[in-house]
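What follows is a short report on a single structure.
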């Protein structure tokens, strides 16, 4: 069956059975009782990469390709720890990193987390920073 | 020097507290059409942009490079740039062109092209464009909730009230950065007490903001500022790539993001490169889109006073909102900073976003008084709530909020303050006392709150930020202390975070906690009969301001028992001699007993009769049944009067002195300002009528002019007149009356 753009959107209503948390817990187990019994942790309420990939498809189909790209990069970043995310952001700020540091960062993200779209994005930043004098001197 | 009294008065008006300046393009002090703005152009070779807006690729700065690789759709650009700008402008204003047709072509437009399109549009055309191009069908609103004391109970109570009023997002910030986790917590608990599904954020430095989001304390962020020149961008300590990465980092944690831009920031930072504010904003917006943000907060934002100092500034601010919506971005359209000292000017400015509707009409309506607003003002604040509600009601426009009753507000504020008190207790944070809860329930501002010991609060905030406790611990604390519903709402926010539906363009949660965004509720406005208009229950809610009274309530206080001393004795004949006829309306002293000014009809009768008697004339009372019109009552009375002089008197108190040879709608004296009439005025009316009857020279009665009376009392006037008209009997001839009373 051909699905219209955003066919399953909102996933909360139309695909609840397929949704699970970052910790792989199904949405049906995210209940007030589970909270009360202390069965849930922060990761049980975090977004799974699959949901972001689905949102990326929905956004692309609805004519928002850049937003879809953002969601795809975000999907890759779900498994990157908080502290590392903050460090990567810091390195991408002006004059924080050398070209080599950014390239190494891209390689690391790709090899460790399979984050190839982020890696490509960071490599592009490295090239532009060199061209525009935004690398660390 | 000679001074005009009028100019002296004008100099002291609020509008003249503003600063106005003449344009200076070289300093970027020009809102649009700088002589240095480039002409639109693009050249594409082998799938690569080699020239844009008159600049060869070798001269591209970081923004140009980012725009050509991420924002411009090169498959569309060639054709899109060929279409004349004026043609786009006409399509935007044309209800017959659907938004998708324009949006597709706009993806191929350069910054100079975007600027050139809106150059052709006046504000009315831009408003038409905005009504159509807004991405979400239903407009919404965002609130600011802060207070200078950073009091948790007051924050929670104000957030709950804001949620109850209908704000879809609530933003807070800090005076002391270390308070960020507590302020975010208070806003979270407050909003989810008021209404489940309100999105919240705490505006702080980027890295701290991300950490709050990771902790589950916030659900959106709009602090991602971008600027229109490379140097300003770098001064802001970011690049388009770092900002785009930050956007993805937020999204990876299930947090909705919105970038911030706006005219004037580059000029303010001294790096406008001689370009107009609008052209630089077009560059910003293409960076925002290229970075994959679902939306933008624009409309000059905190710089609003700068474009407003320049000619065309308010038009340019509307133009930037329109540009963002043309690019398919959710627009939170400013109105968030103090834009004017003049309430006329600030309201006029608001209309440009309020009437067409934007995704968020305010990117921060100050739901607290201005003096408690840590964002620097708020163009509208809590003291304007009733004004704003009335504007919605006046124009049948959904401004994103609804009126609430005082008792509802008190209940929800108390509940939120108690919920945050319970969470503080359960999480072993510095106690919130019952006195603080009670104060927050009724408070208007920080001034109404007892002080707190800041040192232990800050230490606790540091510990709270450092440890692992997240919103699971908060939910448990709420469950344990009887706030299960609030915990459920926070849990549902967690489930929604897993679904990530609210990351899509212009997403909000409606009153049923269902997501509404450009995906499932896209704007479909194509002129009358299409798109969104507040109807049904929503329109009822907007109408139902607590100040609105049932119409019957206006008349009841004026009803009374028929005057026992006033008796109708038979058909009225034409009189003789120097008499004055006092002709009464059909309800006078019968169905109605008091004038609009609250004077007893009996007292009014006595006063008039005393006046007539005092001049030595005879009075005769006649009841008119066939008309309730004051002139008609007076004129019929005059024709029955032996002297030709009569006083016509309606039940609401309006009176006329008539003479039989005058045209029916003419008169000797008319007293239309019935609310201003006193017993002594009525006596004076009697005196004058008698003098006319006796042929004595007469000075008209002077009545105080109160131009506000009609404004205050027009509804009552209409309803009292209607009540009198109910008593009209068209076939009943005038009746002679006897009033069993003699003047002294």
- Message: Just checking, does segment B:84-101 include any residue being surrounded by 14 or more Cβ atoms within 10 Å (Cβ to Cβ), in contact (Cβ under 8 Å) with a residue 24 or more places away in the chain and within 14 Å of chain A (Cβ to nearest Cβ)?
- Response: yes
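Hey, among A:34, A:49, A:74, A:68, which residue is out of contact with any helix residue (DSSP H, G or I) (no Cβ under 6 Å at 6 or more places or on another chain) and either at pLDDT 95 or above or not assigned by TED's automatic domain parsing to the domain that holds residue A:113 (or both)? Reasoning before the result, please.
Details: A:49 fails: out of contact with any helix residue (DSSP H, G or I) (no Cβ under 6 Å at 6 or more places or on another chain); A:74 fails: out of contact with any helix residue (DSSP H, G or I) (no Cβ under 6 Å at 6 or more places or on another chain); A:68 fails: out of contact with any helix residue (DSSP H, G or I) (no Cβ under 6 Å at 6 or more places or on another chain).
Answer to the selection: A:34.
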- Going by the conditions given, is residue B:659 surrounded by 22 or more Cβ atoms within 10 Å (Cβ to Cβ), in contact with a helix residue (DSSP H, G or I) (Cβ under 6 Å, 6 or more places away or on another chain) and in the same structural domain as residue B:595 (by TED's automatic domain parsing)? no
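Of these, B:251, B:213, B:244, which one is at pLDDT 95 or above and under 23 Å from residue B:184 (Cβ atoms)? Walk me through it before giving the result.
On the way: B:213 fails: at pLDDT 95 or above; B:244 fails: under 23 Å from residue B:184 (Cβ atoms).
None of the other options fit; the residue is B:251.
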- Item | Pick from segment A:17-50, criterion without any contact (Cβ under 8 Å) to a residue 12 or more places away in the chain and exposed (fewer than 13 other Cβ atoms within 10 Å of the Cβ), ranking: farthest from the other protein chains (Cβ to nearest Cβ) | A:17
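Does residue B:593 count as surrounded by 15 or more Cβ atoms within 10 Å (Cβ to Cβ), farther than 30 Å from residue B:407 by Cβ and at pLDDT below 95? Steps first, please.
Numbers: surrounded by 15 or more Cβ atoms within 10 Å (Cβ to Cβ): yes; farther than 30 Å from residue B:407 by Cβ: yes; at pLDDT below 95: no.
It is false that residue B:593 is surrounded by 15 or more Cβ atoms within 10 Å (Cβ to Cβ), farther than 30 Å from residue B:407 by Cβ and at pLDDT below 95.
Among the residues of segment B:429-451, count how many are modelled with pLDDT of 95 or more and outside any helix (DSSP H, G or I). So that I can check it myself, show each step before the final result.
Residues of segment B:429-451 modelled with pLDDT of 95 or more: B:429-450.
Among the residues that remain, those that are also outside any helix (DSSP H, G or I) are: B:429-433, B:443-445, B:449-450.
Final tally of qualifying residues: 10.
Would you confirm, using the coordinates I've provided, whether residue B:515 is buried (at least 18 other Cβ atoms within 10 Å of the Cβ), modelled with pLDDT of 95 or more and within 14 Å of chain A (Cβ to nearest Cβ)?
Numbers: buried (at least 18 other Cβ atoms within 10 Å of the Cβ): yes; modelled with pLDDT of 95 or more: yes; within 14 Å of chain A (Cβ to nearest Cβ): yes.
Yes.
Would you call residue B:261 in the same structural domain as residue B:494 (by TED's automatic domain parsing), under 26 Å from residue B:180 (Cα atoms), surrounded by fewer than 24 Cβ atoms within 10 Å (Cβ to Cβ) and touching a residue at least 12 places away in the same chain (Cβ under 8 Å)?
Details: in the same structural domain as residue B:494 (by TED's automatic domain parsing): yes; under 26 Å from residue B:180 (Cα atoms): yes; surrounded by fewer than 24 Cβ atoms within 10 Å (Cβ to Cβ): no; touching a residue at least 12 places away in the same chain (Cβ under 8 Å): yes.
Answer is no for this residue.
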- Item | Unmet requirement for residue A:81, which otherwise passes all of (1) without any contact (Cβ under 8 Å) to a residue 12 or more places away in the chain; (2) over 15 Å from the mean Cα position of the chain (by Cα); (3) under 21 Å from residue B:209 (Cβ atoms) | (2)
- Which numbered condition trips up residue B:354, out of (1) within 30 Å of residue A:52 (Cβ to Cβ); (2) touching a strand residue (DSSP E or B) at 6+ places or on another chain (Cβ under 9 Å)? (1)
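The values are calculated or read from the model by the stated rules, or taken from the named source; none is laboratory data. In this text, all values refer to a predicted model and were calculated from it rather than measured experimentally. Cβ sites come from the backbone with ideal geometry, for glycine too, and all protein chains shown count toward neighbours.
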